[in-house]
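Q: Handing you this structure, nothing more for now.
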Amino acid sequence: MTPALECHNIRSGYGDMEIIAGIDLKLDVGDIYAIVGKNGAGKTTLVKTIMRVLPLLGGSFTLFGNDAAKLSTNQVVSLGIASSPQDRPFFNDLSVEENLRLGALGQSRQQFRGEIDRIVEMFPFIGQRLAQKVGTLSGGEQAMVKVGRALLPKPRLVILDEVTEGLQPMIVDRVREVLLRDHKERSITILVVEQNVDFVAGLASRYGLIERGCMVAEGRFSDSGARKRITDHLLV
Amino acid sequence: MLAGIAAMMLPTVIVGDYMTGLLVQALLFGMVALLTDIIWGYAGILTFASAAMFGVGAYFMGGAFVHFASTPGSAFLAVIAASACAFITSAAIGWLAFYSRIRVSEFYIAIVTLGVSVLMGQAILYGGALTGGSNGLSGFATFAALNQHWYGFVAALFLALLYVSTRVVRSDYGLVLKAIRDNEVRCRYLGIDTPLVRTVVFSVANAAIAVVGAVYAMFTTVVAPSLVSMAAATNVLIWVILGGRGTLIGPALAAILITTLTPQLSTAFPLYWQGFLGAIFVLIVVFLPQGLMPFAIERAKRSFQSAAHKRPVDRTRQTAAETYFTRTNNPNGISNAGSVAKLINVSKRFGSFQACNDVSFSVDRGELVSIVGPNGAGKTSLVRCIADGDERSSGSVEIAGISIGREAPEKVVALGVGRKFQSPSIFGSLTVRDCLQVASWRGKAPSWWRRDAEVRLPDGAADVVEALGLDEVWDQLARDISHGQRQALELAMVLALEPSVLILDEPTAGLSTAERERVGEVLLSLVASRRMVVLLIEHDFEFVKRISSRIVVLVGGELVADGTVSQVANSEIVKRAYLGKSHEKEIK
């Protein structure tokens with residue numbers, strides 16, 4: 001089966017600055033993969049490269065078998081790949097519902113209503129705030145809308161960058177449940193970028209440790225000592 | 001300098017009298033472009049008023065010569081009156097635009113300057129004999145001098161202006177201007193009186209433009225309403241865009257080039273010249289949005305160091321952190337007096353939504369109080385009310401016994417409050433070093449003329465820099481460093497203020513566990529050694545439990561619990577409304 005994502009020695013960065021210095025990564029359809037690494041290791045840069053926001057400076061990668069070098073960001077999205085970036089890229093003056101709608105323009109009105117109901121079921125607060133401007137929500141509430149927006153278009157692959165940031169513990173648990181449920185029901189592929197080891201350990205099956213733009217170790221969470229290995233890596 | 005003057009005098013020998021006269025005008029317009037670049041490119045104020053200010057100078061001078069006498073005395077008085085008029089008008093615009101507590105966009109200010117220009121244009125048009133109406137003022141006597149002498153005088157003025165403005169934009173305050181352009185809100189929360197700084201720059205530069213206008217009138221002896229027309233107003237901005245915003249010499253060169261070429265080319269190609277110029281403008285805006293000068297500089301650099309292309313970042317630490325900055329130890333830190341932060345019935349409403357409702361508590365020296373609660377409980381709204389007097393709907397806030405009233409953030413900072421925002425708020429186009437230096441000045445940069453070579457950081461900030469590896473990215477632009485590094489940078493910037501009350505809104509989001517530990521250690525040591533007060537909003541409950549001396553709980557905008565760590569952590573409300581299942585797992 002065609003892998004959801006397959007990277008060969010990719011390199012990228014900002015301007016003349018190379019941040020990702022050759023990474024190989026393969027995600028089969030239905031994988032839940034966690035990228036873990038310290039600050040400044042290049043995690044977010046990797047996500048931006050996969051989403052084709054940053055230029056590819058070397059190597060190649062495919063998304064569901066398509067050569068990504070030929071794709072622009074909107075084409076990546078139309079392949080069924082959704083991302084929840086680390087910052088808060090909202091249309092602040094638009095309502096919560098409008099922001100969600102913009103994440104799922106391909107859907108008919110009816111489909112969208114159905115999906116909204118699912119999101120509201122996950123995060124009941126969204127149901128009461130659909131008409132409110134996103135800019136007036138609190139930071140944590142925006143984080144929830146961000147996850148909702150990524151999952152709403154029924155993606156085949158969802159990329160979540162530090163998704164638990166700013167969320168209260170209860171909601172972090174909820175996010176994990178929702179992701180696991182979508183994974184089970186829709187067999188979506190999930191790539192999470194995290195520093196919250198507890199969160200990924202309960203979610204992902206595989207992990208990769210990134211340091212200075214390189215993959216320094218890969219493994220399975222079921223391996224003995226996996227968690228200790230990750231925690232130690234983050235501590236050094 | 002001398003070589004520059006010699007080079008600038010060269011044209012007078014080569015070109016004829018007509019061309020010399022044209023060059024005088026071109027240099028005057030070059031000065032207008034340069035001054036407008038200071039206003040727009042450095043202070044970030046999009047202004048349409050430059051032509052109007054130029055007109056003020058020209059009309060004052062023309063008026064003085066027509067209605068009084070063409071003597072050095074009246075010329076001097078006209079220059080004084082014109083620059084005073086421009087200064088006062090600009091200060092009034094500044095007061096309207098920058099001191100308003102309603103958050104206004106750059107375009108609002110642009111519209112205000114546009115309005116003022118139109119107003120001035122109309123005043124001149126209907127000024128009767130005083131301004132000469134639509135004919136303007138012309139044919140008045142002026143000082144008899146050869147074009148060459150005028151050129152010498154104006155060229156000297158131009159070089160002097162270029163020197164002074166280059167010094168100023170490279171000074172400490174020049175750095176502050178860039179910081180304001182980048183992120184005004186952060187500047188205010190570093191204690192910088194941004195409305196004052198921007199008003200001063202705007203007014204001084206406009207007064208200088210008026211002086212240039214006065215010289216223009218003396219030289220040309222023609223003062224027409226077209227000087228203050230919309231076309232003239234937009235021309236100035238076109239020069240700045242073409243030359244490159246924020247490069248000083250770029251806009252000046254663009255103005256000089258266009259002014260000298262226009263008469264030649266418009267006689268050679270009367271029909272196409274304007275269209276040609278328009279097309280060039282469109283092409284440059286589309287393909288070189290930064291303007292010609294940055295492009296030329298980039299090209300020159302490339303050809304010098306083409307080998308260094310796309311080099312990987314050298315991430316190895318080459319020197320010890322101490323060589324980057326000096327530590328300042330402030331022994332007379334903080335007294336041991338009682339309550340430092342006191343909230344009395346603080347409420348915050350957004351329309352019908354009640355974000356905080358009658359919250360009261362007080363915090364003493366040496367306490368680290370965490371504010372926890374579900375997402376949307378009003379935590380950030382509450383700390384905003386402490387850091388900005390204009391935020392709360394009712395109630396009062398006291399810092400060290402002084403009510404913050406309705407004061408702006410920069411005034412509250414002066415009372416000792418430092419606030420770190422929820423999403424890192426830094427200066428993206430400055431290096432890490434410069435961000436920290438701006439912060440270390442605590443609202444007042446040392447000089448308008450010199451640049452401080454040293455960065456002086458108090459212990460807390462220095463510790464964060466070292467513990468979180470900011471020295472490794474010391475010379476990188478702040479927008480290029482990772483999210484977690486930006487968090488660390490903002491924390492260090494706020495600590496550079498040595499606040500007595502430190503407000504931290506999710507400071508560890510984006511940091512790894514180890515980095516969190518280090519931040520915790522720095523905070524605890526500041527609380528212990530300087531008796532600092534820390535108000536912390538944080539979702540990592542383990543972290544909260546470890547470092548807090550007290551926890552207050554907000555739910556739905558109301559304070560529902562306030563107590564020691566063990567009291568609050570075991571309370572039913574926290575388990576039910578905040579922790580949920582995570583907590584049960586902890587017990588297992």
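Q: List every residue whose amide H lies under 5 Å from the amide H of A:L5, counting only residues 5 or more places away in sequence or on a different chain, with H placed 1.01 Å from N in the peptide plane.
A: Residues meeting the criterion, in which the H sits 1.01 Å from N, are A:L27, A:F64.
Q: Loop only by DSSP, 16 or fewer other Cβ within 10 Å of the Cβ. Give me the trypsin sites (Lys or Arg not before Pro) in region B:448-508 that pass, ordered by residue number. Could the numbers behind the result be given before it?
A: Working: sites: B:R450, B:R451, B:R456, B:R479, B:R486; in loops: B:R450, B:R451.
Of the trypsin sites (Lys or Arg not before Pro), the ones in loops of region B:448-508 whose Cβ has at most 16 other Cβ atoms within 10 Å are B:R450, B:R451.
Q: A follow-up question, please. Computed on alpha carbon atoms, what radius of gyration and Dmax characterise region B:501-560, expressed in Å?
A: That works out to 11.9, 35 Å for Rg and Dmax.
Q: Additional query: In terms of modelled amide H atoms, which long-range or inter-chain residues lie less than 5 Å from the amide H of B:G580?
A: Those lying under 5 Å, H to H, from B:G580: there are none.
Q: Right, something else. With an 8 Å Cα cut-off and a minimum separation of 6 or more residues, compute the relative contact order for region A:1-152 in percent.
A: Details: 200 pairs, mean separation 32.3, N = 152.
Across region A:1-152, relative contact order equals 21 percent.
Q: Over all pairs of distinct alpha carbons, what does the Kirkwood formula give as the hydrodynamic radius of chain B, in Å?
A: On the way: mean 1/r = 0.0369 Å⁻¹.
One decimal place: 27.1 Å for the Kirkwood radius.
Q: For q = 0.21, 0.26, 0.30 Å⁻¹, what log10 I(q)/I(0) does region B:208-260 give under the Debye formula with an equal point scatterer on each alpha carbon and no solvent?
A: -0.88, -1.13, -1.16
Q: From the backbone phi of region A:153-166, what are the Karplus-calculated ³J(HN,Hα) couplings (6.51 cos²θ - 1.76 cosθ + 1.60, θ = phi - 60°) in whole Hz, Gly and Pro given as x?
A: My calculation for region A:153-166 gives x, 6, x, 7, 10, 10, 10, 10, 9, 6, 6, 8, 4, x Hz in order.
Q: Let me ask something else about it. On a 0 to 90° scale, report how tilted helix B:147-169 is relative to the longest principal axis of chain B, with both axes built from alpha carbons and the result rounded to the nearest 10.
A: Rounded to the nearest ten degrees, it is 0.
Q: Where does each of B:V359, B:V560 land when they are ordered by accessible area, with a 1.4 Å probe and the largest first?
A: The ranking, largest first, comes out as B:V560, B:V359.
Q: Jot down the radius of gyration and Dmax of region B:167-210, Cα atoms only, both in angstrom.
A: Taking only Cα atoms of region B:167-210, I get Rg and Dmax of 10.9, 34 Å.
Q: Between helix B:72-98 and chain B, what is the angle of the helix's C-alpha long axis to the longest principal axis, kept within 0 to 90° and rounded to the nearest 10?
A: Between the helix axis and the principal axis of chain B, the angle is about 30 degrees.
Q: Next up: In degrees from 0 to 90, rounded to the nearest 10, what is the angle of the helix A:109-122 Cα long axis to the longest principal axis of chain A?
A: 70 degrees
Q: Mind ordering B:399-410, B:361-372 by average Cβ neighbours within 10 Å, highest first?
A: On the way: B:399-410: 16.9, B:361-372: 20.6.
Put in order of decreasing packing, that is B:361-372, B:399-410.
Q: Note down, for region B:397-540, the three equivalent ellipsoid semi-axes (square root of 5 times each alpha carbon gyration tensor eigenvalue), biggest first, whole angstrom.
A: Values: eigenvalues 99, 85, 38 Å².
Calculated on Cα positions only, the semi-axes equal 22, 21, 14 Å.
Q: Separate question: Return the sequence-ordered ³J(HN,Hα) values of region A:55-63 in whole Hz as given by the Karplus equation 6.51 cos²θ - 1.76 cosθ + 1.60 applied to θ = phi - 60°, using x for Gly and Pro.
A: Result, ordered by residue: x, 7, 8, x, x, 8, 8, 10, 10 Hz.
Q: Okay, next question. Hey, got the average number of other protein chain Cβ atoms within 10 angstrom for residues in B:513-520? Write down the numbers at each step before the final one.
A: Details: counts 9, 9, 5, 1, 1, 0, 0, 0.
The shielding value for this peptide is 3.
Q: Give me a single rounded figure for A:195-204: the average over its residues of other chain Cβ atoms within 10 Å of their Cβ.
A: Working: counts 10, 4, 2, 4, 0, 0, 0, 1, 0, 0.
That works out to 2 on average.
Q: Give the dimensionless ratio obtained when the Cα radius of gyration of the protein assembly as shown is divided by 2.2 N^0.38 Å. Don't skip to the end; give the middle numbers.
A: On the way: Rg = 30.5 Å, N = 824, 2.2 N^0.38 = 28.2 Å.
Compactness ratio reported: 1.08.
Q: Measuring with a 1.4 Å probe in the full set of protein chains, what accessible area per residue, in whole Å², belongs to the protein assembly as shown? All intermediate terms of the calculation are to be shown ahead of the outcome.
A: On the way: 34210 Å² over 824 residues.
With all protein chains present, the protein assembly as shown gives 42 Å² per residue.
Q: Report the accessible surface area buried between chains A and B, summing both sides, using a 1.4 Å probe on protein heavy atoms only, in Å² rounded to the nearest 100.
A: Working: alone 10890 and 26260 Å², together 34210 Å².
Looking at A and B, the buried total is near 2900 Å².
Q: Which value results when the Cα radius of gyration for region B:28-144 is divided by 2.2 N^0.38 Å? Each step should come with its number before you reach the end.
A: Details: Rg = 15.8 Å, N = 117, 2.2 N^0.38 = 13.4 Å.
Computed over Cα atoms of region B:28-144, the ratio equals 1.18.
Q: Same structure, new question: Using amide H atoms built 1.01 Å from N in the peptide plane, name the residues 5+ places from B:R456, or on other chains, whose amide H lies under 5 Å from its own.
A: B:T326
Q: I need the phi-derived Karplus couplings for region B:520-533: 6.51 cos²θ - 1.76 cosθ + 1.60, θ = phi - 60°, integer Hz, Gly and Pro marked x.
A: x, 4, 4, 4, 4, 6, 5, 5, 6, 7, 9, 6, 6, 9
Q: Also: For region A:41-100, which whole percent of the accessible surface, found with a 1.4 angstrom probe, sits on carbon and sulfur atoms?
A: Values: 1300 of 2490 Å².
So the carbon and sulfur contribution to the accessible surface is 52 percent.
Q: How well do other chains shield peptide B:421-429, expressed as the mean number of their Cβ atoms within 10 Å of each residue Cβ? Walk me through the intermediate numbers first.
A: Numbers: counts 1, 7, 7, 1, 0, 0, 0, 0, 0.
Averaged over the peptide's residues, the number is 2.
Q: May I pose another question? Take peptides B:57-66, B:236-245, A:166-175, B:138-147 and line them up by average Cβ neighbours within 10 Å, highest first, as a rough protection proxy. Intermediate values should be presented prior to the final figure.
A: Numbers: B:57-66: 27.3, B:236-245: 24.7, A:166-175: 22.5, B:138-147: 13.0.
So the peptides B:57-66, B:236-245, A:166-175, B:138-147, ranked by packing, come out B:57-66, B:236-245, A:166-175, B:138-147.
The values are calculated or read from the model by the stated rules, or taken from the named source; none is laboratory data. Remember, it's a predicted structure, so these values are computed and weren't measured experimentally. Don't worry about glycine lacking a Cβ; one is built from the backbone with ideal geometry, like all the others, and counts go over all protein chains shown. Note: accessible area is taken over every heavy atom of the protein model, side chains too, but ligands, DNA and RNA are not part of it. Shrake-Rupley method; radii C 1.70, N 1.55, O 1.52, S 1.80 Å.
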